[in-house]
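Since the structure comes first, as structure tokens, the remarks are kept for the end.
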Amino acid sequence: MEPALQRLKAEDRALVEAYVKRSHGDVLLPSMADPDQPLTARNFAEAIALEKAWDVKRDARDAVAAEQASARDEAMAPLRAIVEADVQRTEILSPRQMVAPVAPIDGIKSALPSDQATIFVVTVSLHNLGSKAIVAVEGALEARSRDATMPLDLCWVDTGPHDRIDPASRTEIRCANPHQRVSDEQRAFMDTPERFTVVWNPKVLQLEDGTLIRSGL
């Protein structure tokens with residue numbers, strides 16, 4: 001196969017190589033193939049034709065996704081101009097580290113939380129970029145990777161007056177799900193953060209003077 005592949009024009013060779021990578025070398029029967037992404041090629045000509053068709057579909061899909069992302073960014077722009085959120089640090093803690101010590105009642109000792117580090121914890125920094133104090137903010141902080149179809153949820157931010165953020169000031173909040181073990185994707189975010197893009201999606205923002213701003217998303 002390799003000598004025959006090398007005899008193709010560079011453009012066609014690239015299409016064949018892309019097809020093989022996308023199909024993992026599988027050849028499906030037409031009756032079993034996905035109509036939107038059939039992987040049925042049995043020769044170079046079929047692979048080239050299928051990859052060209054896939055390129056057209058992918059470009060159209062990406063154009064729609066880019067348009068939707070632009071609309072979302074426009075809706076969130078007024079909130080992002082006032083409050084910024086980013087990851088301050090990540091760590092894996094044990095259930096015992098997540099809870100405060102509980103004093104025994106009438107000499108009865110309760111079961112102690114585990115010392116095994118299994119909980120993914122994200123500390124998020126919220127920065128007030130505006131000139132008025134922030135008394136409430138809601139939104140999602142997520143990490144996106146080209147290797148995954150779905151974003152990694154890092155933190156659902158939901159603060160109130162107890163987390164008031166004065167102008168040009170910051171506050172930190174900690175996000176974790178104590179009932180969920182750290183996932184492979186969460187470990188990947190800790191080990192190779194350069195693979196991910198952190199995105200802040202604010203939903204609601206309330207200022208001290210009563211101003212309420214919503215993204216509508």
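The values are calculated or read from the model by the stated rules, or taken from the named source; none is laboratory data. In this text, all values refer to a predicted model and were calculated from it rather than measured experimentally. All Cβ positions, glycine included, derive from the backbone under ideal geometry; neighbour counts span all protein chains shown. Areas reflect the complete protein model, heavy atoms only, side chains present, ligands, DNA and RNA absent. Shrake-Rupley method; radii C 1.70, N 1.55, O 1.52, S 1.80 Å.
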Count of residues meeting criterion [small (Gly, Ala, Ser) and more than 25 Å from the chain's Cα centre (by Cα)] in region 113-169: 6
Whichever residue in region 25-52 is open to solvent by less than 90 Å² (accessible area, probe 1.4 Å) and in a helix (DSSP H, G or I) and, among such residues, is farthest from residue 147 (Cα to Cα): 45
Residue 22 being surrounded by fewer than 10 Cβ atoms within 10 Å (Cβ to Cβ) and either farther than 22 Å from residue 59 by Cβ or touching a residue at least 12 places away in the same chain (Cβ under 8 Å) (or both): no
Residue among 75, 71, 18, 4 that alone is more than 23 Å from residue 153 (Cβ to Cβ), modelled with pLDDT of 90 or more and not charged (D, E, K, R): 18
Top-ranked residue in region 66-91 [being in a helix (DSSP H, G or I) and touching a residue at least 60 places away in the same chain (Cβ under 8 Å); ranked as most open to solvent (accessible area, probe 1.4 Å)]: 72
